[in-house]
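For reference, the structure discussed in these notes is given below.
What follows draws every value from the coordinates through simple rules; no lab data is involved. Being a predicted model, the structure only gives us computed values, none of them experimental. Here the Cβ positions follow ideal geometry from the backbone for every residue, glycine too, while neighbour counts run over all protein chains shown.
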Amino acid sequence: MRCHVGWLAPALLAAAAPALAQEGWIGHLPGIAPALNACLVGDTGGMVTWAEPRSGGQVLVHVQRPDGARFACTAQAERGLPPQPVGVSSLVGVLPRAGEGAHAYTMDRRCAEARPVQAADGSVLGWVASPACR
């Protein structure tokens, strides 16, 4: 008896797509961590809720402040120098992107569930946890 399950693969991919979308920006860590940190410096209590590497060494970063306010920050890395913020704008009235808020990246460990993001040398660049980890 032969069983055909070819129809199952698309169904499984469709079911997995939301989870993959939520994991999307986390998969770029630790490579984009310096850009995330550049956008968090000076924003006490802020957390990255979404990020996207762009061309030319830029990373678009969405940050949420403790009061719930959100802003977008673009960090630019040039010639081996640490990334610097090159643009910041409010996200008032802008709907969150798919998967935004499923994870939070912070520069400090805020709860026991937070997982370290480590550089190749083992140094801790930041922490990833659920946004509830404040």
Screening Pro131, Pro66, Pro96 for residues that are exposed (fewer than 13 other Cβ atoms within 10 Å of the Cβ), more than 12 Å from Leu36 (Cβ to Cβ) and in contact (Cβ under 8 Å) with a residue 40 or more places away in the chain leaves only Pro66
Considering only residues that are under 21 Å from Val41 (Cβ atoms) and touching a His at 6+ places or on another chain (Cβ under 9 Å), which ones fall in segment 76-99?
Leu91
Does Arg115 satisfy the condition of being free of Cβ contacts under 8 Å to residues at least 40 places away in the same chain, surrounded by 12 or more Cβ atoms within 10 Å (Cβ to Cβ) and touching a Leu at 6+ places or on another chain (Cβ under 8 Å)?
no
Only residues that are assigned to a strand (DSSP E or B), more than 16 Å from the chain's Cα centre (by Cα), among the aliphatic types (A, V, I, L, M) and closer than 19 Å to His28 by Cβ: list them for segment 69-121, please.
Val86
